[in-house]
1. Please specify each residue of segment 153-170 satisfying the condition of being surrounded by 14 or more Cβ atoms within 10 Å (Cβ to Cβ) and assigned to a loop (DSSP other than H, G, I, E, B).
2. Looking only at residues that are modelled with pLDDT of 95 or more and among the charged types (D, E, K, R) in segment 93-152, which one is surrounded by the most Cβ atoms within 10 Å (Cβ to Cβ)?
3. Can you tell me how many residues in segment 171-197 are closer than 16 Å to ALA71 by Cβ and either open to solvent by 20 Å² or more (accessible area, probe 1.4 Å) or not in a strand (DSSP E or B) (or both)?
4. Pull out all pairs, ordered by first then second residue, where Cβ-Cβ is under 8 Å, the residues are six or more apart or on different chains, the first lies in segment 57-76 and is over 14 Å from ASN89 (Cα atoms), and the second is in a helix (DSSP H, G or I) and β-branched (Val, Ile, Thr).
5. For ILE120, state whether it is in contact (Cβ under 8 Å) with a residue 40 or more places away in the chain and within 20 Å of ILE57 (Cα to Cα).
Amino acid sequence: MKKYMILFIILSIIFISTLTACIKNDIEKQEKSQKLQKPLANEPEINTEISSYTTNIIDKSTGRVHNLRLALQKLDGTIIEPGTYFSFNDTVGKADEASGFKKALVIKEEELEMDEGGGICQISSTLYNAAELAGMEISERHSHTKDVGYVPEGKDAAIAYGEWDLKFKNTSPFPIKIETTITEKQVMISLVKEWRE
């Protein structure tokens with residue numbers, strides 16, 4: 001009887017030791033996995049949004065909405081490498097009929113008039129505010145001669161191809177991707193950390 005009791009005790013000790021080792025191994029694996037997935041200090045997680053800004057579409061005329069969509073389409077997916085400068089004019093191009101833009105109201109010397117590309121300044125202004133929120137270094141920005149309505153006064157970014165541009169530097173240590181969204185009422189531009197393996 002004593003032999004069976006001793007054998008039972010030995011087997012119990014072996015079982016408990018094995019179970020404890022397995023649990024410890026699982027815990028170590030989980031901790032190692034968490035360490036590998038944890039971002040560096042002050043570094044956003046993979047594919048996280050750095051900033052975003054939304055503006056309301058006040059003028060819903062066909063030409064203007066068309067221009068908003070086209071400019072957003074040209075911006076969407078643009079990658080800005082660390083330490084490099086982004087240029088709105090270089091990315092969107094000249095907002096003329098040859099590039100697919102239509103005539104819509106624009107501000108010229110405090111007056112409203114129809115011209116090609118009307119509306120794209122709302123896109124540049126939305127992007128400007130997103131870039132400023134993200135802490136990007138703004139190297140060029142111009143204000144309109146009158147209040148535009150879709151951003152607070154002094155927060156707009158007027159565009160005139162060949163004359164006025166919106167430029168900023170990606171001051172982060174990782175690539176930034178521009179993501180755009182448009183609904184019937186609003187325009188939203190987000191700056192997102194671009195992950196690469």
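1. The answer is LYS155, ASP156, ALA157, ALA158, ILE159, TYR161, ASP165, LEU166, ASN170.
2. Taking the candidates together, the pick is ARG141.
3. Taking segment 171-197 as the starting set, the residues that turn out to be closer than 16 Å to ALA71 by Cβ are 178-183, 186-190.
Filter again for either open to solvent by 20 Å² or more (accessible area, probe 1.4 Å) or not in a strand (DSSP E or B) (or both), leaving 179-183, 186, 188.
The qualifying residues number 7.
4. ILE57/VAL65; ASN67/ILE120; LEU68/ILE120; LEU68/ILE123
5. Here the answer is yes, as ILE120 does meet what is asked.
The values are calculated or read from the model by the stated rules, or taken from the named source; none is laboratory data. As the structure is a prediction and not an experimental result, all values here were calculated from the model. For neighbour counting, all protein chains shown are included, and Cβ atoms are generated from backbone atoms with ideal geometry for every residue, glycine included. The accessibility values were calculated without ligands, DNA or RNA, using every heavy atom of the protein model including side chains. Shrake-Rupley method; radii C 1.70, N 1.55, O 1.52, S 1.80 Å.
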